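A.B. asks: The following block contains the structure, expressed as structure tokens.
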Amino acid sequence: MDPDPAPAPLATERLVLRPVRTRDLAAVTRLWTDPEVRRHLGGPVVESVIRIRRQRIVGAPGFHAVERTVDGTVLGLVTVERAGRKGETEVSYQFLPEHWGVGYAREAVAAAIGQALTEVPSVVAVTQEANGRSRRLLEAVGMVHAESFVEWDAHQVLYRRRRDT
């Protein structure tokens, strides 16, 4: 018996969150290099870092390709880091721009947070203060502004959701 089996995919009404596969690397690489996706994430990732990330992300725990159920298109990536910020479980996400504005990110992030909260007491997420879309998404999935600070030369906002919320 496998001592650490891969988690079962997480299904929502329109999506499946599952481990990243080799065939997802083109979409994931676009997430790392698209200037609009990376606008509030420090800009496009450099090629040397992309090569390392591509080798490490396939099947890595906590990294979920978000696939549209109807056609198998990879829309984005949701990451759940169990020992994230200050030891608290942290969720992060990136979606390709052509899939923005139709609720996929909200649906996927809500599912990931809901699943995490069955195992941990709280989940946090950090976004730049200037990223209004991301802030609205986090508030829509029940996260509450908990802290503001400066990091990476930008004003950041930390949101938290506790299990009982």
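A.B. asks: Dipole magnitude of region 71-165 about its Cα centre, charges +1 at Lys/Arg Cβ and -1 at Asp/Glu Cβ only, in debye to the nearest 20?
C.D. replies: It works out to roughly 260 debye.
A.B. asks: Follow-up. Looking at the square roots a ≥ b ≥ c of the eigenvalues of the Cα gyration tensor of the chain, which shape do they give, rounded for a/c under 1.5, prolate if a/b is larger than b/c, or oblate?
C.D. replies: Rounded, because the longest to shortest axis ratio a/c is under 1.5.
A.B. asks: For region 105-144, what does the convex hull of the Cα positions come to per residue, in cubic angstrom? Walk me through the numbers before you get to the answer.
C.D. replies: Values: hull volume 2.4 nm³, N = 40.
Convex hull volume per residue, Cα atoms: 59 Å³.
A.B. asks: Work out from phi, with θ = phi - 60° and the Karplus expression 6.51 cos²θ - 1.76 cosθ + 1.60, the ³J(HN,Hα) of each residue of region 68-75, listed in order in whole Hz, and give x for Gly and Pro.
C.D. replies: Values per residue, Gly and Pro as x: 6, 4, 5, 9, x, 5, 7, 9 Hz.
A.B. asks: Would you work out if region 49-126 is rounded, prolate or oblate? Take a ≥ b ≥ c from the square roots of the eigenvalues of the alpha-carbon gyration tensor; rounded if a/c is under 1.5, else prolate when a/b is larger than b/c, oblate otherwise.
C.D. replies: oblate
A.B. asks: Could you please report the charge total around ALA111, scoring K, R as +1 and D, E as -1 over all other residues with beta-carbon less than 15 angstrom from its beta-carbon?
C.D. replies: Every neighbour counted, the sum reads +1.
A.B. asks: For VAL66, enumerate residues with amide H under 5 Å from its amide H, sequence gap 5+ or separate chain, H modeled in the peptide plane.
C.D. replies: LEU75, GLY76, LEU77, VAL78
A.B. asks: Turning to a different aspect of this structure: Quick one: net charge around GLU88, please, counting Lys, Arg +1 and Asp, Glu -1 for every other residue with C-beta under 15 Å from its C-beta.
C.D. replies: +3
A.B. asks: GluC sites (Glu not before Pro), restricted to region 22-87: which are DSSP loop and have at most 16 other Cβ atoms within 10 Å?
C.D. replies: Answer by residue number: GLU36.
A.B. asks: If you don't mind, another one. Report the per residue volume, in Å³, of the convex hull enclosing the C-alpha atoms of region 25-84.
C.D. replies: 103
A.B. asks: With a 1.4 Å probe and every protein chain left in place, tell me how much accessible area ASP164 has, in Å² to the nearest 10.
C.D. replies: 130
A.B. asks: Out of all DSSP beta bridges in the chain, what portion is antiparallel? Express it as a percent rounded to 5.
C.D. replies: Details: 32 of 34 bridges.
Roughly 95 percent of the beta bridges in the chain run antiparallel, per DSSP.
The values are calculated or read from the model by the stated rules, or taken from the named source; none is laboratory data. Note that the structure is predicted; figures quoted are calculated from it, not measured. Don't worry about glycine lacking a Cβ; one is built from the backbone with ideal geometry, like all the others, and counts go over all protein chains shown. Calculation scope for accessible area: heavy atoms of the full protein, side chains included, ligands and nucleic acids excluded. Shrake-Rupley method; radii C 1.70, N 1.55, O 1.52, S 1.80 Å.
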